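Read through the structure below, which is laid out as structure tokens, and then see the notes.
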Amino acid sequence: MKFLDIGEVAERSGIKPSALRYYEEAGLISSVARHGLRRQFPPEVLVQLKLIAMGKAAGFSLDQIAGMFGANGEPNLPRDALHAQADTIDQRIRELTALRDTLRHVADCPAPSHMECSTFRRLLEVAGTRGRSRATGNRPKGGRRPL
């Protein structure tokens, strides 16, 4: 089996060698040998790094991601945690969509002053309610966040 040295892994993955060393220290990846002072990795490390990047993009911590690899480095993905994180992302998408729509309305509102625009004032009220709910962990009356 041909191993990849840390420079090759860095070049092929786009991840700096210092980050690769950190990932190894954190137990996310493992080198299998050394060639001089350079760490050597199995080719499968490139798949592991893609999974780590996907996990980070999805909002998982490095500790959570480390728990998604078995002792042999093979992925052992907890389906319940993945579903829960997907639900969190869906909620964030809804919030960002509402924010985008608000910004577009504000940018395009024909009212002489935004404070004269009833839609803008309603959107401000919704945003204020959403902010209070997030800060306190409470939902507005009815148990749902307003749209």
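Go through the range 78-104 and give me each residue that's surrounded by 13 or more Cβ atoms within 10 Å (Cβ to Cβ) and either touching a helix residue (DSSP H, G or I) at 6+ places or on another chain (Cβ under 6 Å) or not in a helix (DSSP H, G or I) (or both).
102
Looking at the range 1-76, what helices (runs of 4 or more DSSP H) fall wholly within it and have at least 2 residues that are in contact (Cβ under 8 Å) with a residue 12 or more places away in the chain and closer than 29 Å to residue 92 by Cα?
Values: elements: 6-13, 17-25, 45-57, 62-66.
So the answer is 45-57, 62-66.
Taking residue 94 as the residue in question, decide whether it is modelled with pLDDT of 85 or more, farther than 30 Å from residue 29 by Cβ, under 28 Å from the mean Cα position of the chain (by Cα) and of a type outside the set (A, V, I, L, M). Reasoning before the result, please.
Values: modelled with pLDDT of 85 or more: yes; farther than 30 Å from residue 29 by Cβ: yes; under 28 Å from the mean Cα position of the chain (by Cα): yes; of a type outside the set (A, V, I, L, M): yes.
Considered against the rule, which asks whether it is modelled with pLDDT of 85 or more, farther than 30 Å from residue 29 by Cβ, under 28 Å from the mean Cα position of the chain (by Cα) and of a type outside the set (A, V, I, L, M), residue 94 comes out as yes.
The values are calculated or read from the model by the stated rules, or taken from the named source; none is laboratory data. What you are looking at is a predicted structure, and each value in this text was computed from that prediction instead of being measured. For neighbour counting, all protein chains shown are included, and Cβ atoms are generated from backbone atoms with ideal geometry for every residue, glycine included.
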